[in-house]
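The values are calculated or read from the model by the stated rules, or taken from the named source; none is laboratory data. Everything quoted here is computed from the prediction, not taken from an experiment. Here the Cβ positions follow ideal geometry from the backbone for every residue, glycine too, while neighbour counts run over all protein chains shown. With ligands, DNA and RNA removed, areas are computed over all heavy atoms of the protein, side chains included. Shrake-Rupley method; radii C 1.70, N 1.55, O 1.52, S 1.80 Å.
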Amino acid sequence: MNARIPALILSLGLCAAAAQAAGGPAVERVPFGRADGKAVDLYVLRGAGGMVAKVMTYGAILTELDVPDRNGKLDDVVLGFDHIDGYLSKEPYFGAIVGRVGNRIAKGRFTLGGRTYQLATNDGPNHLHGGKKGFDKVVWGAQVVPGDTPAVRFSYLSRDGEEGYPGNCSVTVTYSLSSSIELRIDYAVATDRDTPVNVTNHSYFNLGGAENGDILGNVLTLNADRYTPVDSTLIPTGEIAPVAGTPMDFRSPTRIGEHLKEVGASPVGYDHNFVVNGAGGRLALVATVYEPRSGREMQVSSTEPGVQFYTGNFLDGTITGKKGVVYRQYWALCLETQHFPDSVNHPNFPASVLKAGDTYRSTTIFRFMAK
Ligand code: GLA
C-alpha cells in the first residue's frame, strides 16, 4: 500500500485534535447505534438562520437538514429515517455518499492500463453507486475540523480490490456550514493505482419538508444546454444531445411535472445526467429549485461537469421514513453532482480516471434562501 495513505489519515486526526484544543465552533457528537460491527456517531452542525445539518459516520449520510421557510420556520428538507435501522434496511441511498464510482458502469466492466476489471453488478446488468457494499454502507472515521465554521471531515480507506476496483483509495468528505444558509461538501481522493473515481452525495430533497408530498410543483432551473441520453438500463448511449425541444429543457424556470410524463423512461420520470454549462474544475451554478408553498429555494453549485437529476421514480410507497411517513413516487428530487455515468467507457466524456499519485478534488454547495 502507498505509504502516504496512512500518513494522510494520521495527519487529519492530528488537525482535528488541534481544532478541539483551539476551541472552534461547537459540533455536537451523539451516538447513533451500530452498523457493520462498529459504533456509529452522528455529528450535529448548527449554522446561520437556525440551520442544522446532521451527518453520521455510517455511509457519511446526511440524515437531517433543517432550513428556514419564508417565515423563518425550520423544516427538515431531506428524506431519511429516525433511527439507524432504517438505513440498514434496503433503502435507496438516502443522503449517502456514493462511490467509489457513483451512478452506473455498463455491465460493471472497464479496461484500464490494458487490463479488464469486472466489478459487482447490483443494478440489473450494471454496476450502481459503487457496488454491493459501496461507500454508503461502511462506517467512516470522523473528525471535527478547526476553523470559524462548523465542519466535520469523514475519512475512509477503500482497499485495493474492494468491489473489484484497483488501488487503495484514501477518501475524505468534509461537510461544513458557513455564515450563509448553505451546506458545503468537499471531496478529496488519493490513490496508489489508476482507478475510476466519482463520488457524490445522494440526498433526496423535498423543500416543503420531508413529509410534504410530491415535488412535481417545484420549479426547477438547470444550467444545462445538453444532456446524455440513455438506453433502457440507464446507460448513456454516448451521445451528448441538446435539451432544446425535449422534456429535458429546464434552461428557464419550469415546473418539474410540466413535461415529466413525456420522458420516455420506465418508471416514468427524470433520471438523467445533464451537462453543466461552464463547469468542470471551477464552481459553476448547476441548478435552482423553488418550492412555492414554503418559499424555500435551493441553489446548487459544483465543480463537477455533470448532474444526475432524479425525481424519486423508484420510490413506490414501500418505505416508511421519518415520523412514520410513507415515501411515494416523486416525493423528493436528487441533484447528484458528478462525472457523467459510465464515463470510464466513453472517451468523449470528461475523464473519470484518477491517476496514481494525483488527488481528486470536488466541491458542491447547497445554498438556501426563502422568498
Ligand atoms: C440514482 C440513479 C437512479 C436510482 C437512484 C437510487 O439517482 O440514477 O436510477 O438508482 O440513484 O434509487
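Of all the residues in the range 299-343, those that are β-branched (Val, Ile, Thr), more than 16 Å from the ligand (Cβ to nearest atom) and under 19 Å from the mean Cα position of the chain (by Cα) number 1.
For the range 255-271, the set of residues classified as closer than 21 Å to residue 233 by Cβ, of a type in the set (A, V, I, L, M) and open to solvent by less than 40 Å² (accessible area, probe 1.4 Å) consists of 260, 263, 265, listed by residue number.
Residues in the range 76-84: is at least one under 30 Å from residue 283 (Cα atoms), out of contact with any helix residue (DSSP H, G or I) (no Cβ under 7 Å at 6 or more places or on another chain), part of a loop (DSSP other than H, G, I, E, B) and within 16 Å of the ligand (Cβ to nearest atom)? Looking through the range 76-84, at least one residue is under 30 Å from residue 283 (Cα atoms), out of contact with any helix residue (DSSP H, G or I) (no Cβ under 7 Å at 6 or more places or on another chain), part of a loop (DSSP other than H, G, I, E, B) and within 16 Å of the ligand (Cβ to nearest atom). Only one entry of 109, 115, 100 meets the criterion of being under 21 Å from residue 55 (Cα atoms), basic (Lys, Arg) and more than 15 Å from the ligand (Cβ to nearest atom), and that entry is 100. Per the listing 260, 207, 220, 216, the residue uniquely farther than 17 Å from residue 315 by Cβ and touching a residue at least 40 places away in the same chain (Cβ under 8 Å) is 220. Here 265, 244, 224 are screened, and the one residue that is farther than 29 Å from residue 101 by Cα and of a type in the set (A, V, I, L, M, F, W, C) is 244. Screening residue 355 on (1) within 30 Å of residue 50 (Cα to Cα); (2) open to solvent by 30 Å² or more (accessible area, probe 1.4 Å); (3) among the basic types (Lys, Arg) shows it passes everything except condition (1).
Taking the range 156-221 and the strands (runs of 3 or more DSSP E) fully enclosed by it, the elements with 1 or more residues that are within 16 Å of the ligand (Cβ to nearest atom) and either among the β-branched types (Val, Ile, Thr) or open to solvent by 10 Å² or more (accessible area, probe 1.4 Å) (or both) are at 200-202. Close contacts from the range 327-345, counting a first residue that is more than 17 Å from residue 317 (Cβ to Cβ) and part of a strand (DSSP E or B) and a second that is at pLDDT below 95 and not acidic (Asp, Glu), with Cβ to Cβ under 9 Å and a gap of 6+ residues or different chains, come to 337/279.
Yes/no matrix, rows are residues, columns are (1) surrounded by fewer than 22 Cβ atoms within 10 Å (Cβ to Cβ); (2) away from the ligand (no atom under 16 Å from the Cβ):
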{"position": "42", "(1), (2)": "yes, yes"}
{"position": "65", "(1), (2)": "no, yes"}
{"position": "69", "(1), (2)": "yes, yes"}
{"position": "88", "(1), (2)": "yes, yes"}
{"position": "105", "(1), (2)": "no, no"}
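Scanning the range 237-251 for any residue that is free of Cβ contacts under 8 Å to residues at least 40 places away in the same chain, assigned to a strand (DSSP E or B) and open to solvent by 70 Å² or more (accessible area, probe 1.4 Å) turns up at least one such residue.
The test for being surrounded by 24 or more Cβ atoms within 10 Å (Cβ to Cβ) and outside any strand (DSSP E or B) holds for residue 94.
Results for (1) within 16 Å of the ligand (Cβ to nearest atom); (2) within 30 Å of residue 131 (Cβ to Cβ); (3) of a type outside the set (S, T, N, Q), shown as yes or no for each residue.
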site: 234; (1), (2), (3): yes, yes, yes
site: 244; (1), (2), (3): no, no, yes
site: 251; (1), (2), (3): no, no, yes
site: 254; (1), (2), (3): no, no, no
site: 297; (1), (2), (3): no, no, yes
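Given 269, 280, which one is on the phi > 0 side of the Ramachandran plot and over 17 Å from the mean Cα position of the chain (by Cα)? That would be 269, the only listed residue that is on the phi > 0 side of the Ramachandran plot and over 17 Å from the mean Cα position of the chain (by Cα). State all residues of the range 129-140 that are within 16 Å of the ligand (Cβ to nearest atom), open to solvent by less than 50 Å² (accessible area, probe 1.4 Å) and over 17 Å from residue 353 (Cα atoms); if no residue qualifies, say none. Answer for the range 129-140, where residues must be within 16 Å of the ligand (Cβ to nearest atom), open to solvent by less than 50 Å² (accessible area, probe 1.4 Å) and over 17 Å from residue 353 (Cα atoms): 131, 134, 135, 136. Only a single criterion out of (1) closer than 21 Å to residue 167 by Cα; (2) part of a loop (DSSP other than H, G, I, E, B); (3) open to solvent by 60 Å² or more (accessible area, probe 1.4 Å) is not satisfied by residue 116, namely (2). Close Cβ contacts (under 7 Å, 6 or more residues apart or on different chains) running from residues in the range 104-118 that are on the phi > 0 side of the Ramachandran plot to residues that are within 16 Å of the ligand (Cβ to nearest atom) and at pLDDT below 95 comprise 108/120. Picking from residues in the range 281-326 that are part of a strand (DSSP E or B) and among the hydroxyl-bearing types (Ser, Thr, Tyr), the one that is surrounded by the fewest Cβ atoms within 10 Å (Cβ to Cβ) is 320.
Within the range 124-157, the residues that satisfy the criterion of being in contact with a Ser or Thr (Cβ under 9 Å, 6 or more places away or on another chain) and among the β-branched types (Val, Ile, Thr) are 138, 139, 145, 149, 152.
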